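Input: a single structure, listed below in structure tokens.
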Amino acid sequence: MRFLAWILVCLMPSMVFASPIKVHLSPSSACVDDNHVTVSLNVDAGPFVLVGGQYFLSYDTSKLAVESIETGDEPFTLFIYSHVDPVAGTIDYADGIQIGGQGTSSAFTCARINFLVIADFCEPIANLVKWRDHGPNGAVNKFADEHAQSVPILGESLTPMSANSTPLSMICPDDKDVRCGSRTSPQFLGHASIDNSDCSYTVTYSDLTTGTCPGTIVRTWHIVAECGQVLECQQVITIHSAESE
């Protein structure tokens, strides 16, 4: 009966009566360090027992490509309909409860969209995935409840995210041989850097010193990139006395 209620509501796309339920679009990471991101449709708890839903979204085709769409958490595990237009960047999707299943009024995830990140962008961008006003034939974003009543969706578009999925390449300063008394700071002996990313990163170093003159400094360089990638390399600075030359 609950499944039948969902089907009946789908056949009446313009009839929406109840107060809206908020649905948030959330990325699996606010800063993507590989080329995949999952966007979840997270539903707030509400006064209605929901048994199915239909969702009409759009996405930025210059940054993202749809790989797959999954049904949500229990009880929304029944796939009903999916259509993706990769040129227009639109997604039409519907899912609901299994036949004979129980609906829910609790907070839950109603669907997940898996995207391929096709371009890096260092600065966070909002609304890479957002809600459309309607789908084909005037159908609107909504849920169906257990009484065949339409429950409108108040959609919140994707929160800001950035992507730096290119494998980073670290440039380590060359090992150095210097005389006692020479300046050994990075200002004189070089800094570590990344050579294949325009995104920001933080560089730090630590020294392990053995002896003084002669002696050795093992300088360990650490780079933390914008999305949290950590790179490390070592520079060896050998200090020679005049007598040893």
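Worth a mention:
- Value of Rg to Rh for segment 195-239 (Rh from inverse mean 1/r over Cα pairs, i.e. Kirkwood): 1.15
- A simple charge model with +1 on the Cβ of Lys and Arg, -1 on the Cβ of Asp and Glu and nothing else charged puts the dipole of segment 119-179 at about 140 debye relative to its Cα centre.
- Pairwise FRET efficiency - Ala88 versus Ser29, Cβ, R0 = 35 Å, nearest 0.05: 0.85
- Residue-by-residue Karplus 3J(HN,Hα) for segment 23-34, coefficients 6.51, -1.76, 1.60, Hz, glycine and proline x: 10, 9, 9, 10, x, 5, 8, 6, 9, 8, 10, 9
- Spacing of the modelled spin labels on Glu232 and Thr212, each 7 Å from Cα toward Cβ, amounts to 3.0 nm.
- For the chain, built as a Gaussian network whose Cα springs stay under 10 Å, the top-fluctuating residue of Pro214, Pro167, Pro86: Pro214
- The chain: most fluctuating residue of Phe115, Phe188, Phe48 per GNM, C-alpha cutoff 10 Å: Phe188
- The calculated FRET efficiency for the pair Ser68 and Asn127, based on their C-beta separation and a Förster distance of 30 Å, comes to about 0.85.
- Structure-derived Cα extents along the principal axes in Å - corresponding label in (i) 84, 53, 27; (ii) 94, 34, 25; (iii) 43, 43, 43: (ii)
- Basic side chains Lys and Arg get +1 at the Cβ, acidic Asp and Glu get -1 at the Cβ, and with that the dipole of the chain about its Cα centre reaches some 560 debye.
- If R0 equals 30 Å, the separation of the Cβ atoms of Thr38 and Ser169 corresponds to a calculated FRET efficiency of about 0.65.
- Per principal axis, descending, Cα span of segment 170-244 in whole Å: 48, 17, 13
- Note on the chain: with a GNM built from Cα contacts shorter than 10 Å, the maximum mean-square fluctuation among Leu208, Leu57, Leu168 falls on Leu208.
The numbers here are math on the coordinates, done by the rules we state, and not lab data. This structure is a prediction, so every number in the text was calculated from the model and none was measured. Please note: Cβ atoms are built from the backbone with ideal geometry, for glycine as well, and neighbour counts cover all protein chains shown.
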